[in-house]
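Have a look at the structure below, then the notes.
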Amino acid sequence: MSNLPHHIAIVMDGNGRWATRRFLPRVAGHKKGVDALRACVRHCGDIGVKVLTVFAFSSENWNRPAEEVSGLMELLALALSREVPQLQSEGVRIHFIGERSGLSEKVRNGLAQAEAATAGNSRLVFNICFNYGGRWDIAQAAAGLAARGEAITEQSLDRAMALAHVPDPDLLIRTGGEKRISNFLLWQAAYSELYFTDKLWPEFDAAAIDEAIADYSGRERRFGRTSEQVAAPGGAKKRKAA
Ligand code: IPE
Ligand code: IPE
Ligand code: MG
């Protein structure tokens with residue numbers, strides 16, 4: 001595929017509505033969302049995307065009914081135990097991005113095991129943002145620099161951020177019809193191409209990913225420059241002056 005995004009980030013939204021429309025409990029929508037995610041990871045790996053970052057649970061999602069929050073925690077623990085061997089065989093490297101201290105010991109152990117088991121892989125980097133918020137990330141990065149007595153600059157903050165191991169996302173997709181960022185990659189999405197679709201996350205399949213990528217590949221990324229500069233030899237794909 002021409003002009004493939006190196007890094008795709010996704011706000012996987014719409015699980016609850018998917019379930020409610022079927023008169024099912026919301027957690028049934030989240031379960032179906034895990035199936036969609038499994039297929040998405042596989043497809044991204046197959047077509048040559050190098051980094052996939054998904055928003056699975058936000059800092060604000062604690063405000064949901066207790067039953068849904070505990071259902072999501074159980075689902076994460078279950079998905080980790082079931083999916084990691086397959087992801088491992090597909091060459092996927094898992095990273096969890098977010099505040100771990102708020103999570104139960106069982107969940108924290110599951111995260112650490114999944115990361116350790118896949119640490120040697122490099123075909124696809126798979127970042128799962130769980131108990132994550134873009135504001136949390138900026139604040140924790142700044143606090144770390146301050147504690148070490150380091151100057152706060154764009155570069156030092158960038159290096160202290162939870163996604164410092166990957167380049168910024170090229171394409172940021174949000175399913176579920178809402179057109180907002182909801183505290184996802186506030187820092188890293190500065191120049192991401194945004195793609196919104198009404199499709200609910202459980203319905204977002206390989207064809208839908210290809211559609212988003214096709215839309216992306218037709219866009220001109222200017223990073224502050226003019227169209228003429230971008231068209232000039234060597235003008236494209238530069239975020240900052242060297
Ligand atoms: C996204 O789906 C998953 C999480 C936030 C955990 P939602 O649960 O937000 O689904 P809707 O937006 O209510 O349909
Ligand atoms: C964003 O979805 C968070 C995740 C997908 C994990 P929300 O459903 O929580 O976002 P809002 O509340 O509609 O903005
Ligand atoms: Mg939602």
query = For residue 86, which of the numbered conditions (1) touching a strand residue (DSSP E or B) at 6+ places or on another chain (Cβ under 9 Å); (2) within 26 Å of residue 214 (Cα to Cα); (3) away from ligand 3 (no atom under 16 Å from the Cβ); (4) not hydrophobic (A, V, I, L, M, F, W, C) fails to hold?
reply = (2)
note = Note on region 93-113: residues in contact (Cβ under 8 Å) with a residue 12 or more places away in the chain and either assigned to a strand (DSSP E or B) or among the hydrophobic types (A, V, I, L, M, F, W, C) (or both) are 93, 94, 95, 96, 97, 103, 107, 111
query = Quick check: anything in region 67-83 free of Cβ contacts under 8 Å to residues at least 24 places away in the same chain and either closer than 23 Å to residue 135 by Cα or assigned to a strand (DSSP E or B) (or both)?
reply = yes
ask   = Taking helices (runs of 4 or more DSSP H) that do not extend beyond region 136-233, which have at least 3 residues that are surrounded by fewer than 19 Cβ atoms within 10 Å (Cβ to Cβ), under 14 Å from the mean Cα position of the chain (by Cα) and away from ligand 2 (no atom under 16 Å from the Cβ)?
value = none
key: Flag for residue 17 being charged (D, E, K, R) and either surrounded by 17 or more Cβ atoms within 10 Å (Cβ to Cβ) or farther than 25 Å from residue 166 by Cα (or both)   = yes
ask   = Taking region 1-32 on its own, how many of its residues are away from ligand 3 (no atom under 13 Å from the Cβ), closer than 19 Å to residue 182 by Cα and charged (D, E, K, R)?
value = 0
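The numbers here are math on the coordinates, done by the rules we state, and not lab data. Predicted model only: the values in this text are computed from it and were never measured. Methodologically, a virtual Cβ is constructed for each residue, glycine included, from the backbone with ideal geometry; neighbour enumeration extends over all protein chains shown.
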